[in-house]
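Everything below concerns the one structure shown next.
Every number here is computed from the coordinates shown, using simple stated rules; none is lab data. Note that the structure is predicted; figures quoted are calculated from it, not measured. Glycine also receives a Cβ, built like all others from the backbone with ideal geometry; neighbour counts cover every protein chain displayed.
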Amino acid sequence: MAYFLRKSVAAGVAAFGLMASAALAETELRIAWYNDGIEGEVMRDILDKFEAQNSDIKVTLDVLPYKAILESLPVQLAAGEGPDLARVTDLGGLSGHYLDLTPHVSDPAYWRENFGPFLNWMQPVGEPEQISGFMTQLTVTGPYVNKTLFEQAGVNMPGENATWDDWAAAVNDVAKKLDIPIPMAWDRSGHRVAGPAIAMGANMFDANGEPALVDDGLKAMATTLYNWHQDGTMAKDLWGSVSGSQYLGANEDFANARVVMYMSGSWQIPQFAEKIGDAFDWWAVPAPCGPAACTGMPGGAALVALKTTEHPAEVGKLMDYLSSEEVLNEFYGRTLFIPGHLGLAESGVDFKTDDPRAKHALETFAGAVPGISPVAFDLQGYVYNRVMFNALISRLGEAIVGEMTLDQAFERMTQDVEKEIAEKRRDG
């Protein structure tokens, strides 16, 4: 009896040891994430499937405000702390913190074949072969209009190759006839202003490839925005309600039919499909033209691996799963995001929507990609583009609310860019 008791105790201890070992073997990965729409919910579903197939890996999705990703995460990473992965938009600015996934993914050639044009957006300076992550969404900036308001006002929407001036005249006409409070609204964002500035002829860089934010093209677009805020085309109290480089969107005003035309981008599609639905026809239109181009800015959010992880092999395994064509087809299809995967861009994504407005918007923004200016692609891939965007919007904002003249704003933009980039280069 004693023998069997000892044997049972020994077996129990061994079993407990195995359970403890299994528990200790479980790896937890944390992803810092933000949402534009429903993508966090979709990603959680996908992560649950991954965990079901990989019982030794648990993935926690920490959904944070976008402001925390933009402002707090860089501070955390600079201090040598942070999650295993993060969804980020400042692709070049944070690139020094990205883990090179090349030795940790099963097929680097697959990554280069399907994500090639976008990998360089995430590569640290001097690391042209690094694989850091993939685009959770490819975005294109551009305007939406409330097509229903145009129809009610009996105003024709400007057609192909229309300029910003053409659209300004049209939306003012609609707003006046229907007593709409805001003819036009733009996201308060340097990135949003950059595309139209490039259309007006802004080069963003000099002949040596060094940043040169202020030129005649940039001045032309900035002056137009300044004038629109003075004549009521744009509402001064929107951009004027925040300061510095702080972002402010007008999506709520547009969704509530207080805005005729809203300059934002493709990432709004899922939100508008859910919040506006068929309340009115929200219609994406091609980027208005300038003398140099008819272009918006490319961009988007990427899921990147971070050097702060203590589990690079497990991160690589997770990224292999998430980047697979089957999984990304589900993710892009449910979130209504433009694919940042060349194979899916060619074969087509099975978008889960019957909304004709959403389908039209997806087609409009996807169709705009071939016409995006090379200057816009270069700017999006520039490691210090955030410095340029911040200088542009903060100083333009100060001029709009009367804190300085436009000429002073242009001078300060140049000074800000030179100073900030010099400091960043000095600090490595």
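The figures follow:
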| read-out | value |
| --- | --- |
| Whole-number Å³ per residue for the convex hull built on Cα positions in the range 275-428 | 193 |
| Sorted largest first, extent of the chain alpha carbons per principal axis (Å) | 96, 52, 38 |
| ³J(HN,Hα), Karplus 6.51/-1.76/1.60, whole Hz, each residue of the range 355-370, x for Gly, Pro | 6, x, 5, 5, 4, 5, 5, 4, 5, 5, 6, 5, x, 7, 4, x |
| Calculated diffusion of the range 327-386, Stokes-Einstein form, Kirkwood radius summed over Cα pairs, 4 °C and 1.567 mPa s, µm²/s | 100 |
| Sorted largest first, extent of the range 86-133 alpha carbons per principal axis (Å) | 26, 23, 19 |
| Lys/Arg +1, Asp/Glu -1 at C-beta; the range 128-245 dipole; positive extreme among 241, 167, 220 | 241 |
| Aspartates and glutamates with Cα under 19 Å of residue 177, excluding same-chain neighbours fewer than 8 positions away | 151, 165, 166, 231, 253, 281 |
| Ranking of 30, 395, 426 by count of other Cβ atoms within 10 Å, fewest first | 426, 30, 395 |
| Charge dipole magnitude, Cβ of K and R +1, D and E -1 - the chain, Cα centre, debye nearest 20 | 660 |
| Debye log10 I(q)/I(0) for the range 187-286, one point scatterer per Cα, at q = 0.13, 0.17 Å⁻¹ | -0.56, -0.89 |
| Inter-probe distance in nm under a simple model that places probes 7 Å from Cα toward Cβ, at residue 419 and residue 78 | 1.5 |
| Overall Cα dimensions of the range 356-428 - principal axes, largest extent first, Å | 45, 36, 17 |
